[in-house]
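Take a look at the structure set out below.
The values are calculated or read from the model by the stated rules, or taken from the named source; none is laboratory data. Just so you know, these numbers come straight off a predicted model, no measurement behind them. So basically every Cβ, Gly included, is an ideal-geometry build from the backbone, and we count neighbours across all protein chains shown.
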């Protein structure tokens, strides 16, 4: 298989990775659709990040561990479903990240640690003047630590409008 290089250099061209933060919102579905379409058109790839928020239940250690195990199993199931969706849209399997911690901090940390991530794709909340907690965080001074472009996809867009944009 021939290796693709940057024009005028002998360095390999880095694959474009579109990172989508997974949650249960409809706007995440829009961000995922956009990322899949862009990855497909640029011979790139989608990466999915699921962050398991820390369990605040400290009264009984055994119950807390059981809740963590259930959250991990739910995260893995969700990622399997979304990975199949990404594959059906792009023809490639996504890069999958499951982390534990605070969502916004884990997004910034992953981007700082992983040089392959080239774009962060987020959906904005529908029907609100607030774009959502993650978008707000990343637009704040702490969020400026990310070294990649941030693409915001309006939550109100239809599938057809997203496809037309990409």
Could you please let me know if residue 67 is modelled with pLDDT of 95 or more and either assigned to a loop (DSSP other than H, G, I, E, B) or more than 15 Å from the chain's Cα centre (by Cα) (or both)? no
Are there any pairs with C-beta distances below 7 angstrom linking a residue in the range 35-61 that is modelled with pLDDT of 95 or more to a residue that is in a helix (DSSP H, G or I) and crowded, with 23+ Cβ neighbours inside 10 Å, with the two at least 6 apart or on different chains, and if so which? 36/86; 45/39; 46/35; 46/36; 46/39; 46/86; 49/107
